[in-house]
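The structure appears right after this line, and notes come after that.
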């Protein structure tokens, strides 16, 4: 079961990174964008690692403090939560 959770987490974070890259592409094209609320929401429910990778790979939202500070903080909290869960189970 632990392996399946890990695979699901990696897959989810990959999707989050793709969404960040998609939003950057839409920003360049002037197309329909993904809202900041949705981007942060994806990061906050387990996708902070993918969000951070997507932000830096596409150079997107890296200047906004809500993202440049908030996403790394979410990542620390998520890593701590996983660590605590693994320790306590």
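A few notes on this one:
- Between helix 2-29 and the chain: long-axis angle, C-alpha atoms, 0 to 90°, nearest 10: 10 degrees
- Each listed q (0.25, 0.26 Å⁻¹) maps to a log10 I(q)/I(0) for the stretch 1-68 from the Debye sum over equal C-alpha point scatterers, namely -1.05, -1.12.
- Measuring r between the beta carbons of residue 29 and residue 1 and using R0 = 35 Å, the FRET efficiency lands at 0.25.
- Here the extension length gained between residue 38 and residue 12 equals 7.9 nm, from 0.36 nm per residue of separation less the Cα-Cα distance.
- Inter-label distance for residue 77 and residue 56, nm, one decimal - labels placed 7 Å from Cα along Cα-to-Cβ: 2.1 nm
Each value in this text was obtained by applying a stated rule to the coordinates, not by laboratory testing. Just so you know, these numbers come straight off a predicted model, no measurement behind them. All Cβ positions, glycine included, derive from the backbone under ideal geometry; neighbour counts span all protein chains shown.
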